[in-house]
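The values are calculated or read from the model by the stated rules, or taken from the named source; none is laboratory data. Since the structure is predicted, the reported quantities are computational estimates derived from the model, not experimental observations. Cβ atoms come from the backbone with ideal geometry, glycine included; neighbour counts cover every protein chain shown. Surface accessibility is based on the protein's heavy atoms, side chains included, excluding ligands, DNA and RNA. Shrake-Rupley method; radii C 1.70, N 1.55, O 1.52, S 1.80 Å.
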Amino acid sequence: MQEQILIQSKIEKGDFTRGGEVSSSLKDILRKLGVPSDTSRRVTIVTYELEMNIIIHSLGGEITVLISSEQIKVIAEDQGPGIPDVEQAFQPGYSTADDFVRGMGFGAGMGLNNVKHYSDQLTVETGQGKKSKFIASVYF
Amino acid sequence: MKVTELVDKLELEVVAGPFEREISGIYVGDLLSNVMARAQADDVWLTVHGHQNVVAVASLTQVAAVIVVEDFPIEPAAVQKAKEMEVTILRTPMTASDLIRKLFELGL
């Protein structure tokens, strides 16, 4: 099966009120497609964390989710400001989130860790002052 | 046990719902990434948060109900969103630990 777009959505910086909407819509689509629940759960967690990452840390961005016969691919692209040290960003507990964000139960340094844990393959293109692009794949 | 039974037995305040669900477990946590990763469908989720993102996480994890403990405030926008997304939100003055003891006594 050729890769097809399941969902593509712009995400605004700081838009907490809509946090999780892309993941929720995606979850409904996956259920209607009959995607196995474990695969759906992993894709949903990865998408949710990348969605919140754009809202909390970036200047805004976009999430695109693609499906093929082999995998579901979540692509999260943002407008910067980039991650200076990727290895550090993936350390459990490491976070640059402010107190407001932490007070809502985010920014505990577990989000990117979840993305890595629940995806089968993950690539990150970023750097200080650059746009970031995450490509996370979950295989069937 | 059904959510309505729990509401009656523990005199929980109904904030949104109840959208009738069967409860099979308990999850306690306030870090949303952990809840996303660990909470199971049909759990009751005990938290201090009462904002809209709790509703999103509850819907994504398919928990049977959210129970806001220690009478923490719940945003009106969260209540509205919970109704739209059919997420049950309950509230109690009890602490999480006191509530867990009672949930155990009820066989959960």
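Geometric descriptor of region A:1-97, per residue, is 112 Å³ (volume of the convex hull of the Cα atoms). When only the Cβ of Lys, Arg, Asp and Glu is charged (+1, +1, -1, -1), the dipole of the protein assembly as shown relative to its Cα centre reaches about 380 debye.
Between amide H atoms placed 1.01 Å from N, distances below 5 Å from B:Val28 occur with B:Leu46, all of them 5 or more places distant or on a separate chain.
Charge tally for B:Thr88 (other residues, Cβ to Cβ under 15 Å; Lys, Arg +1; Asp, Glu -1): -4. In this structure, the residue pairs whose Cα-Cα separation is over 20 Å, taken from A:Lys32/A:Lys133; B:Lys9/B:Lys102; A:Lys133/B:Lys81, are A:Lys32/A:Lys133; A:Lys133/B:Lys81. Between the helical axis of A:21-33 and the longest alpha-carbon principal axis of chain A there is an angle of about 20 degrees. Taken across both chains, chains A and B shield about 1600 Å² of accessible surface from a 1.4 Å probe. Which net charge results for the neighbourhood of A:Gly34, defined as the other residues with beta-carbon distances under 15 angstrom from its beta-carbon, given Lys and Arg at +1 and Asp and Glu at -1? Its environment carries a net charge of +2. Just A:Lys130, A:Lys32, A:Lys73 to compare: in a GNM of chain A, with alpha carbon springs under 10 Å, which one fluctuates most? In this elastic network of chain A, the residue with the biggest mean-square fluctuation among A:Lys130, A:Lys32, A:Lys73 is A:Lys32.
Seen from A:Thr17, the other residues with C-beta closer than 11 Å to its C-beta sum to a net charge of -2, counting Lys and Arg as +1 and Asp and Glu as -1. The angle between the Cα long axis of helix A:37-57 and the main principal axis of chain A comes to about 30°, on a 0 to 90 degree scale. Translational diffusion coefficient of the protein assembly as shown (Stokes-Einstein, Kirkwood radius from Cα pairs, 37 °C, 0.692 mPa s): 177 µm²/s. With a Förster radius of 45 Å applied to the C-beta separation of A:Leu33 and B:Asp98, the computed FRET efficiency comes to 0.55.
Considering only A:Glu12, A:Glu49, A:Glu87, the mean-square fluctuation computed in a Gaussian network model of chain A, springs between alpha carbons under 10 angstrom, is largest for A:Glu87.
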